[in-house]
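See below for the structure under consideration.
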Amino acid sequence: MLGALDEAVARVAALADRDSDLLVVLSDHGFGPLKANIKVNRLLYDWGYLRHRSPWGRLVRRLRRNIDHARGKRPRAMNVELKSPVDWRRSKAMVMFAAVNGHLYVNLRGRQPHGSVEPDFEYDRLIGELRRRLMQVAHPGTGEKVFEKVVSPQELYGTPRARAEDLGDLILVPRDGYIVHQSTSATADPMVTQSKDAMSGCHYSNGIYVLRGPGVRAGRGGDMHIVDIAPTVCAALGARVGRPMDGRVMDELFREPPRLEYADSAAQTASTSTAAALSRDDEELVHKRLAELGYMD
């Protein structure tokens, strides 16, 4: 794999002028073998936090959804709540959606349509229980703990703007090699492991970056966070950026540390503050178009 990477970098480098061009090759994540799919909702079912409707209840739910759709009515709640076989009045938590990470929502009274968990004390106690139990989940063959962290959106992203309504009450971040699956099946195995001979793979947290050009120090670079890419490249190119900007300039990659130049903050604020908020009709149109493109249910 490293040989293929070296060849790819060499080919791209051949397109750049060695004396004047800055070449940047990077990935936003790594890649490696898939160890297992984690079906967290099955675990929640086994632990008593998730309950299913009867088959008749699911049929009624599906018919009601089809009738609403035929009448042109928009769902009154999150689509996954309408589609899933979950009995919300008896359920406390569920992974609503997942890609690699899992986004777990508490069925909170006053927020969810059929909330069963009281705010404050019961909510805090449930969050604590789920954190502890999920962090103890291990691969059945190796005993390796499968989750790197189980945290709130605020803890993961470091901002109070990361609301639970948007991202979930807990975000389940698996270790490299594991993927959270949002299946709601009560009969599927909680963890579907992969054999060593399988050709399956998945995202890993560490990607690659390569810099080459004027002023770039030869040799192996250090660890870089993905948010450091933009300020480092902007500084190397002499580009002016607005404030604020996340990340830092990786000075150690250059023979002489480049300086990040900032545009006038007042002008930047004036240019960005004139954007009007979307109207309700505009939001519905955006929602419709994203759904048609397959980005939303």
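No lab work stands behind these numbers, since they all come straight from the coordinates. Because the structure is a prediction, the values reported are computed rather than measured. Counting neighbours? That spans all protein chains shown, and the Cβs are built from the backbone with ideal geometry, glycine included.
Cβ neighbours within 10 Å, averaged per peptide: list 238-251, 106-119 in order, most packed at the top.
Highest mean packing first, the order is 106-119, 238-251.
For segment 34-44, 3J(HN,Hα) computed residue by residue from phi via the Karplus equation (6.51, -1.76, 1.60; θ = phi - 60°) reads 8, 8, 6, 9, 9, 9, 5, 5, 5, 5, 4 Hz, glycine and proline entered as x.
Between Asp166 and Arg109, the simple spin-label model (points 7 angstrom out along Cα→Cβ) gives 2.8 nm. Among the listed pairs Lys145/Lys196; Lys73/Lys288; Lys35/Lys149; Lys39/Lys73, those with a Cα-Cα distance over 23 Å are Lys39/Lys73.
Whole-percent P(r), segment 33-203, all Cα pairs, 5 Å bins from 0: 1, 8, 16, 20, 19, 15, 10, 7, 3, 1, 0. Between the residues Leu156, Ser205, Gln194, the greatest Cα displacement towards the positive end of the dipole of segment 124-264, with unit charges on the Cβ of Lys, Arg, Asp and Glu, is found for Ser205.
Stretching Glu155 away from Ser279 to a fully extended chain increases their span by 41.5 nm, per 0.36 nm per residue minus the current alpha-carbon distance.
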